[in-house]
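Q: Have a look at this one.
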Amino acid sequence: MFDFSPALVDITVGAAENIYAVINHSGVQILIFLAGLQAISTSIYESARIEGCSGWECFWKITFPLISPLIFVNIIYSVVDSFTGGGNQVMNSITSAMKMGRYGTASAMAWVYFLVAAVFLLVIGFVASRFVFYQNRE
């Protein structure tokens, strides 16, 4: 009846298997977004509707700019979480070196890993901060 290619089936099955992991690792980010969306005043949307803005325009002109600092925070949080997560091989080798009593090796590996993570975060922070809208409160 339907003849799907094995590559398409593998991609679909892989995506379906990873849904639980994505949901499991995105709880903090979802809470940050929900708090940010609730912090946007409804009067802003009201005045935009009176001026004739559509829902699409409200999203791109009001919602997205006002939650862009939270997108930045979520990007940084996700990167730090990926560097320190339990499935990370470098963190596992540092932890195993500590358990075996090789404190010097573990410390050197941790410092080098910290410097790599810090450089990576600085680059991501510099690039992502260019797209963040900060509202002036005067």
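The values are calculated or read from the model by the stated rules, or taken from the named source; none is laboratory data. Not measured: the values here are computed from a predicted model. Neighbour counts run over all protein chains shown; Cβ positions are idealised from the backbone, glycine included. Remember, those area values only see protein heavy atoms, side chains included, never the ligands or the DNA or RNA. Shrake-Rupley method; radii C 1.70, N 1.55, O 1.52, S 1.80 Å.
Q: With no solvent and one point per C-alpha, what does the Debye sum give as log10 I(q)/I(0) for region 14-80 at q = 0.14, 0.27 Å⁻¹?
A: Debye output, listed in q order: -0.56, -1.11.
Q: Taking N as the number of residues in region 66-121, what is its alpha-carbon radius of gyration divided by 2.2 N^0.38 Å?
A: Values: Rg = 14.1 Å, N = 56, 2.2 N^0.38 = 10.2 Å.
Dividing the Cα radius of gyration by 2.2 N^0.38 Å gives 1.39.
Q: I've got another one for you. Round to the nearest 0.05 the FRET efficiency obtained for residue 80 and residue 43 when R0 = 35 Å and r is the Cβ-Cβ distance. Each step should come with its number before you reach the end.
A: Details: r = 35 Å, r/R0 = 1.01.
E between residue 80 and residue 43, to the nearest 0.05, is 0.50.
Q: Once amide H atoms are built 1.01 Å from N in the peptide plane, which residues 5 or more positions from residue 88, or in another chain, come under 5 Å H to H?
A: For residue 88, whose amide H was placed from the backbone, there are no distant partners under 5 Å.
Q: Just tell me the longest site-free run in the chain, where the sites are trypsin sites (Lys or Arg not before Pro) in a DSSP loop having at most 12 other beta-carbon atoms within 10 Å.
A: On the way: sites that count: 130, 137.
Longest stretch, sites excluded: 1-129.
Q: Okay, moving on. Within the chain, which is the longest segment containing none of the chymotrypsin sites (Phe, Trp or Tyr not before Pro) that sit in a DSSP loop and have at most 14 other Cβ atoms within 10 Å?
A: Numbers: sites that count: 2, 4, 131, 133, 134.
In the chain, the maximal stretch lacking such sites is 5-130.
Q: Something else about it: Using the Karplus curve 6.51 cos²θ - 1.76 cosθ + 1.60 with θ = phi - 60°, work out ³J(HN,Hα) for each residue of region 64-74 in order, rounded to whole Hz, and write x for Gly and Pro.
A: 4, x, 6, 9, 4, x, 6, 5, 4, 4, 5
Q: Okay, next question. Could you run the Karplus curve 6.51 cos²θ - 1.76 cosθ + 1.60 with θ = phi - 60° over region 95-100 and give me ³J(HN,Hα) per residue in whole Hz, x for Gly and Pro?
A: 5, 5, 5, 5, 5, 7
Q: Let me ask something else about it. Where in region 110-132 is the amide nitrogen less than 20 Å from a point lying 7 Å along the Cα-to-Cβ axis of residue 59?
A: 132
Q: If you don't mind, another one. I'd like the Karplus ³J(HN,Hα) series for region 110-122: coefficients 6.51, -1.76, 1.60, θ = phi - 60°, whole numbers in Hz, and an x wherever there's a Gly or Pro.
A: Working through the residues one at a time gives 5, 5, 5, 5, 4, 5, 5, 5, 5, 5, 4, 5, 4 Hz.
Q: For region 16-138, what mean projected area does the convex hull of the alpha carbons give, in nm²? Kindly include the intermediate steps, with their values, before the conclusion.
A: Details: hull surface 45.3 nm².
Average of the hull's projected areas for region 16-138 equals 11.3 nm².
Q: Report the charge-dipole magnitude of the chain in Debye, nearest 20, computed about the Cα centre from +1 at each Lys and Arg Cβ and -1 at each Asp and Glu Cβ. Working shown, then result.
A: On the way: 6 positive and 8 negative charges, 114 e Å.
Using Cβ point charges on Lys, Arg, Asp and Glu, the chain gives about 540 debye.
Q: Calculate, in nm to one decimal, what residue 12 and residue 122 gain on full extension: separation in residues at 0.36 nm each, minus their alpha carbon distance.
A: On the way: separation 110, 0.36 × 110 = 39.60 nm, distance 3.47 nm.
Separation in residues times 0.36 nm, less the Cα-Cα distance, equals 36.1 nm.
Q: Same structure, new question: What whole-number value in Å² describes the accessible area per residue of the chain for a 1.4 Å probe? Please list the in-between numbers first.
A: Details: 10560 Å² over 138 residues.
Dividing the accessible area of the chain by its residue count gives 77 Å².
Q: Which distance in nm do the two modelled labels at residue 103 and residue 2 give, with both placed 7 Å along the Cα-to-Cβ direction?
A: Using points 7 Å along Cα→Cβ, the separation is 6.0 nm.
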